Amino acid sequence: MPHTILLADDHKIMRDGIKAILKAHEEFQVIGEAEDGAEVILLAKNLKPDIVLVDIGMPKLNGIEATTEIVRHRPGTKIIVLSMYDDENSVVSAIRSGAHAFVLKTASDNDLLDALRIVVSGGSYLSPRVSNRLLNRVKRGELEERRAPQALEGLSPRELQVLRLVAEGKTSKEIAVLLDLGLQTVRSYRKTMMKKLGVSNVAGLTQLALAAGLTRFASALSTEPPQVS
């Protein structure tokens with residue numbers, strides 16, 4: 001039986017390119033495609049793929065958020081994050097969200113196939129350029145973990161997720177849909193976070209989120225003030 005794969009990228013040309021690579025290898029079978037983070041979460045629940053290839057920068061929910069949700073609902077599914085960027089914050093955030101591999105979009109066909117084979121075998125994979133860069137920075141003592149302000153350390157993973165979306169300008173209704181939560185549940189999260197963080201409005205939440213770098217992987221940050229809902 002081939003290993004089933006779900007592709008998630010907002011660029012059709014990228015999805016078509018990956019499908020063309022995999023078509024020549026009967027050990028893998030693409031069973032679905034998604035154009036945004038919300039769609040890939042839904043398809044992962046329904047299709048139950050062995051592997052999800054997810055772009056780090058997508059509309060609605062980015063690849064980091066999507067990975068977190070897929071792992072929560074489908075812990076047995078392997079996640080490979082695709083990215084144009086090789087900075088350590090991208091890599092660390094991807095792995096922390098539950099990804100099993102981080103592959104650059106500039107990687108060769110063989111690199112992608114290596115990542116898929118290693119992941120289905122139970123291993124982890126980083127594109128050579130990424131692993132070399134991280135290793136060199138560690139050797140030079142330059143790699144420092146970026147930590148959130150101390151106040152945010154008291155938030156739960158779900159609260160941090162909601163906070164990130166609030167800072168991106170999402171309304172409570174939009175967050176409820178994206179994370180498959182009840183509207184009142186999202187409003188409760190916001191109220192609890194404001195109390196924990198000592199702020200009284202969305203602007204205060206947003207400022208703290210930006211200071212912590214929580215919106216680093218947003219596909220498109222809102223240019224308008226966050227809406228209150």
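Numbers at a glance
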| quantity | calculated |
| --- | --- |
| Label-point separation, V92 to V177 (7 Å along Cα→Cβ), nm | 3.5 nm |
| Efficiency of FRET between R158 and I31 - r from beta-carbon atoms, R0 25 angstrom, step 0.05 | 0.30 |
| A203 paired with T106, simple spin-label distance in nm, labels 7 Å along Cα-to-beta-carbon | 4.1 nm |
| Spatially proximal lysines relative to K170 (Cα-Cα < 25 Å; intrachain offsets below 8 disregarded) | K45, K60, K191, K195, K196 |
| Ranking of V162, V130 by count of other Cβ atoms within 10 Å, fewest first | V130, V162 |
| Burial ordering of M1, M194, fewest other beta-carbon atoms within 10 Å first | M1, M194 |
| Protection proxy ranking of 61-68, 13-20 - average other beta-carbon atoms within 10 Å, highest first | 61-68, 13-20 |
| Sites S188 and H11, calculated FRET efficiency, Cβ-Cβ separation with R0 41 Å, nearest 0.05 | 0.65 |
| Residue exposure sequence - K195, K48 - by fewest surrounding Cβ within 10 Å | K195, K48 |
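Readers should treat all values here as calculations from the given coordinates under stated rules, not as data from a laboratory. From a predicted model like this one, the values you see are computed outputs, not experimental measurements. Positions of Cβ are generated from backbone atoms using ideal geometry, with glycine treated the same way; all protein chains shown enter the neighbour counts.
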